[in-house]
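The values are calculated or read from the model by the stated rules, or taken from the named source; none is laboratory data. Here the structure is a predicted model, which means the values were calculated and not measured. Note that each Cβ is placed from the backbone with ideal geometry, even for glycine, and that neighbours are counted across all protein chains shown.
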Amino acid sequence: MSLVTRFAPSPTGELHLGSAYSAWTGWHRAREAGGTFLVRIEDIDIRRCKRQFETAILTDLRWLGFTWDGEVRRQSEHFADYGKVLDALDAQGLIYPCFCSRADIAASAGAPHGPVHGPDGPLYPGTCRHLSTAERRERLRAGREHCLRLDAERAAAQAGPYRFFDEPRGWIEGQPMLLGDIVIARKDTPTSYHLSVVVDDHLQGVTLVTRGEDVLPSTHVHGLLQKLLGYATPRYAHHKLLTDATGRRFAKRDRDMTIRAMREQGLSPEEVVARALAAARSSPPP
Ligand code: GLU
């Protein structure tokens, strides 16, 4: 089976050394195996994502020589694909509307038994999971703002055990409850990061997902969704996050670390790639 990798940036800022390293990983793995390298723009957050950043990211990728195969897939153009999968999960009784505001969730975090902490902060306490059908219907009829959440416990029971392979960690047993009742469709957009990434990796035939180790907890949820939806689980390679000399992660806010800034300083693409690889070597291991 031919290797298919992808780089899936959210256009909320310019490409910096850390994200360029991520792009290099996917591109390099595909090229050394004679496989396919895809680029996908994850722009479901319509408020934060900007076309100008998308253009800048693609310009930087081309300049670096990380050419991709086929068309760039833009998630905001595929809401119908995610909608179909949402309907399938709904038909299995695995999702529910959640009317809680951030303040409601923060308040329940102060409740006597809460909150349960996950790797990304407090888990949703499940308030709206317990609403009666009549109450739910009433709130929906009144047009109350809501997101949709996955009922993690039911989903876990239905899916049964699952695992995924990560390089360099090896086989990892899926922990379906790790992130709790995750948002599967946001209030402001008819999908979520978790849903669209799983659907797209499936539709695009991605066989190796290369991405930062900060997303590793999410892979437990992605494995769960893949099992529920009957999708093949790709192989994963969660790479380390690049840090500067002081051990701080490179991020979009580091202006001088953008690829554009380095280009304007007169560095060549080869020098930028060498810099990313050197930073990767000196960053703490995953
Ligand atoms: N859009 C995500 C990001 O920019 C990508 C995560 C992934 O590769 O699944 O962090």
Review point. Where residues in region 3-52 are under 22 Å from Ala279 (Cα atoms) and among the basic types (Lys, Arg), which of them is nearest to the ligand (Cβ to nearest atom)?
Key: Arg6
Exercise for review: Answer yes or no: is there a residue in region 213-231 that is polar (S, T, N, Q), surrounded by fewer than 21 Cβ atoms within 10 Å (Cβ to Cβ), part of a loop (DSSP other than H, G, I, E, B) and under 17 Å from the mean Cα position of the chain (by Cα).
Suggested key: no
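With in contact with a Phe, Trp or Tyr (Cβ under 7 Å, 6 or more places away or on another chain) and exposed (fewer than 14 other Cβ atoms within 10 Å of the Cβ) as the only criterion, which of Asp87, Asp69 stands out? Please lay out each step first, then the result.
Values: Asp87 fails: in contact with a Phe, Trp or Tyr (Cβ under 7 Å, 6 or more places away or on another chain).
Step by step, each of Asp87, Asp69 is checked, and only Asp69 is in contact with a Phe, Trp or Tyr (Cβ under 7 Å, 6 or more places away or on another chain) and exposed (fewer than 14 other Cβ atoms within 10 Å of the Cβ).
Let's see how each residue does on (1) out of contact with any helix residue (DSSP H, G or I) (no Cβ under 6 Å at 6 or more places or on another chain); (2) in a helix (DSSP H, G or I); (3) modelled with pLDDT of 95 or more; (4) crowded, with 22+ Cβ neighbours inside 10 Å:
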{"position": "Gly26", "(1), (2), (3), (4)": "yes, yes, yes, yes"}
{"position": "Arg29", "(1), (2), (3), (4)": "yes, yes, yes, no"}
{"position": "Gly34", "(1), (2), (3), (4)": "yes, no, yes, no"}
{"position": "Leu38", "(1), (2), (3), (4)": "yes, no, yes, yes"}
{"position": "Arg48", "(1), (2), (3), (4)": "yes, no, no, no"}
{"position": "Leu58", "(1), (2), (3), (4)": "yes, yes, yes, no"}
Exercise for review: Mind listing just one residue for me: the one in region 128-153 that is in contact (Cβ under 8 Å) with a residue 40 or more places away in the chain and in contact with a Lys or Arg (Cβ under 9 Å, 6 or more places away or on another chain) and, of those, farthest from Val221 (Cα to Cα)?
Suggested key: Glu145
Practice item. Looking at (1) closer than 30 Å to His146 by Cβ; (2) within 14 Å of the ligand (Cβ to nearest atom), find the lone condition where Leu61 falls short. Key: (1)
Point to revise | Tally, over region 184-212, of residues that are more than 25 Å from Arg29 (Cα to Cα) and either surrounded by fewer than 19 Cβ atoms within 10 Å (Cβ to Cβ) or without any contact (Cβ under 8 Å) to a residue 40 or more places away in the chain (or both) | key: 5
Exercise for review: Give the residues of region 1-41 that are in contact with a strand residue (DSSP E or B) (Cβ under 8 Å, 6 or more places away or on another chain) and β-branched (Val, Ile, Thr), sorted by residue number.
Suggested key: Val4, Thr5, Thr25, Thr36, Val39, Ile41
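Being part of a helix (DSSP H, G or I), modelled with pLDDT of 95 or more and basic (Lys, Arg) narrows it down to one residue among Arg136, Arg144; which is it? Give the derivation first.
Numbers: Arg144 fails: part of a helix (DSSP H, G or I).
Selected residue: Arg136, the only one of Arg136, Arg144 that is part of a helix (DSSP H, G or I), modelled with pLDDT of 95 or more and basic (Lys, Arg).
Return the residues of region 187-201 that are over 14 Å from the mean Cα position of the chain (by Cα) and within 16 Å of the ligand (Cβ to nearest atom); say none if nothing qualifies.
Once the filter is applied, which keeps residues that are over 14 Å from the mean Cα position of the chain (by Cα) and within 16 Å of the ligand (Cβ to nearest atom), region 187-201 yields only Thr189.
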Exercise for review: Could you look through region 236-250, keep only residues that are among the basic types (Lys, Arg) and over 12 Å from Leu277 (Cα atoms), and pick out the one that is surrounded by the most Cβ atoms within 10 Å (Cβ to Cβ)?
Suggested key: Arg249
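Got a number for residues in region 222-236 being among the aliphatic types (A, V, I, L, M) and within 11 Å of the ligand (Cβ to nearest atom)? Step through it out loud before you land on a result.
From region 222-236, those among the aliphatic types (A, V, I, L, M) are 224-225, 228-229, 232; that's our starting set.
Still in the running and within 11 Å of the ligand (Cβ to nearest atom): none.
Here the count works out to 0.
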